[in-house]
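Peer 1: Take a look at this one; I'll ask things after.
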Amino acid sequence: MTEEELNTAFDKAYERACNTKMQFPPDVMLHFYAYYKQATHADGFYTPSGNSELRNAFKLNALFQVKNLSQQEAKIKYIDLVNKHITD
């Protein structure tokens, strides 16, 4: 898959994820979050924001788990996760 094809597939997966009405358990949502952030932040590590320290701690843990993935690998993982959990 070329870089352009990967980016197109990632964008389509992101649109599917944004537009779904499906509800997911927190662990799946954290995977979506971590893969997306790793795929879209080229400048290195992303720091979660929000008012809940507990929620931020879970987000930070999810980010630590994917920190060794390249942007391309994170995009592929994100696409796979969307295809696994979101049925149109």
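Peer 1: Considering (1) of a type in the set (A, V, I, L, M, F, W, C); (2) crowded, with 16+ Cβ neighbours inside 10 Å; (3) farther than 17 Å from residue 80 by Cβ, say which one residue 64 fails and leave the rest.
Peer 2: For residue 64, the exception is condition (2).
Peer 1: Being surrounded by fewer than 11 Cβ atoms within 10 Å (Cβ to Cβ) and among the acidic types (Asp, Glu) is the filter; apply it to the range 12-45 and report the residue that is farthest from residue 69 (Cα to Cα).
Peer 2: The residue in question is 27.
Peer 1: Name the residue that is modelled with the lowest pLDDT, counting only residues in the range 36-86 that are among the small types (Gly, Ala, Ser) and not in a helix (DSSP H, G or I).
Peer 2: The first filter runs over the range 36-86 and keeps only residues among the small types (Gly, Ala, Ser), leaving 39, 42, 44, 49-50, 52, 57, 62, 70, 74.
Within this subset, residues satisfying the condition of being not in a helix (DSSP H, G or I) are 42, 44, 49-50, 52, 70.
Numbers: 42: 71, 44: 62, 49: 78, 50: 78, 52: 89, 70: 94.
Step by step, filter the range 36-86, then rank; the result is 44.
Peer 1: Between 51, 83, which is free of Cβ contacts under 8 Å to residues at least 40 places away in the same chain and not hydrophobic (A, V, I, L, M, F, W, C)? Steps first, answer last, please.
Peer 2: Working: 83 fails: free of Cβ contacts under 8 Å to residues at least 40 places away in the same chain.
Every option except 51 fails the conditions.
The values are calculated or read from the model by the stated rules, or taken from the named source; none is laboratory data. As the structure is a prediction and not an experimental result, all values here were calculated from the model. As a convention, Cβ positions derive from the backbone with ideal geometry for all residues, glycine included, and neighbour counts pool all protein chains shown.
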